[in-house]
1. Mean shadow of region 263-387, computed from the convex hull of its alpha carbons, in nm²?
2. Could you list 270, 142, 287 in order of exposure, starting from the residue whose Cβ has the fewest other Cβ atoms within 10 Å?
3. Provide 234, 172 in ascending order of the number of other Cβ atoms located within 10 Å of each residue's Cβ, fewest first.
4. For residue 176 and residue 351, calculate 0.36 nm times their separation in residues minus their Cα-Cα distance, and state this gained length in nm to one decimal.
5. Would you mind computing, in nm to one decimal, how far apart the modelled labels at residue 17 and residue 185 are, each placed 7 Å from Cα along Cα→Cβ?
6. Would you please state the base-10 log of I(q)/I(0) at q = 0.17, 0.26 1/Å for region 1-62, with intensities from the Debye formula using one equal scatterer on every alpha carbon?
7. From Cα pairs below 8 angstrom and at least 6 apart in sequence, can you work out the relative contact order of region 101-184, rounded to a whole percent?
8. Relative contact order of region 1-98: what whole-number percent is it, with Cα pairs under 8 angstrom and at least 6 residues apart?
């Protein structure tokens, strides 16, 4: 293609955190240009964000339906190619549905929908539209997560016996949703967030990472959810036992009331021959343990990483010793997503490596995870099938 891909955004208005992350990540490699948006439910704030992003004032829309209508009137190559959806969860399904049916590709924040029924409906819409759909589980975008996945796939660990994954945070230890904190307010509101709080927000990341790296599927869950903060309507802590296919067992815990924790998502995968360990807060290192030998530390940016994992090599921008992290992981998912769109536009075969980003099927898995966790916890941690 001899042009940039044109990006639109729904959400990400003044005061929003994740919308700005998406904007920075999408533009990081120069192949995507933000040209339009319905950034806020308040039309004046949408216009304000349009000015801050140096967008043509006519393309800072008052709502997403107007955005679809007006963009369709523009010639191909000038109108948006795809939209990024960065609004609270209750809006994901209707917005994604409308853009897909209007002929636009979609990148959506997680969790994908409000329930499994919506997720399955959206999966069908994506298949019928033949458009590219991305779901932003950004932790799969880290090069060392990709290296870990390929080590497992290549059989380095042998048969997988156990997977332990965690995601503790501490930012909701006080009821800040009652003090007008925007990010806390919608995440603790079941009408906007869905059936789960902590488990929907970050537990889904942990479950997605566990399946991505291990190559296994969670089959059954025994979950214990707790709401520690008085008056809060959704869980702020959760602990799960997992049963994977192929006989593996696992543990998953997520918390937003663990004082001192920031974004400590980490994973341990134990096999018959070796084990591996990765920490998001120290993302440039992957630890590989042997039965009778020293711990190996694989370091991002070295040639041996790319030789072992093409995906990790593809997702690396800087030489060793120059840390890459959160924004770059987002950008890796955007790069792969964008390459798939370009191939679609040019009617070319999609590079298999470009397909390595979360999609609608991951979104369905996420909603099945939330449903199973909530159901299990409501029945005193009874083992519950997922999917």
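1. On the way: hull surface 44.8 nm².
Convex hull of Cα atoms, orientation-averaged projection: 11.2 nm².
2. 287, 270, 142
3. Values: 234 21, 172 25.
By the 10 Å Cβ count, ascending, the order reads 234, 172.
4. Numbers: separation 175, 0.36 × 175 = 63.00 nm, distance 4.54 nm.
That pair, residue 176 and residue 351, stretches by 58.5 nm at full extension.
5. 1.6 nm
6. -0.51, -1.07
7. On the way: 39 pairs, mean separation 20.5, N = 84.
Computed over region 101-184, the figure is 24 percent.
8. Details: 161 pairs, mean separation 32.8, N = 98.
Dividing the mean separation by the residue count of region 1-98 yields 33 percent.
Read the figures in this text as sums done on the coordinates, not as results from a lab. Predicted, not measured: the structure shown is a model, and the values here were computed from it. Note that each Cβ is placed from the backbone with ideal geometry, even for glycine, and that neighbours are counted across all protein chains shown.
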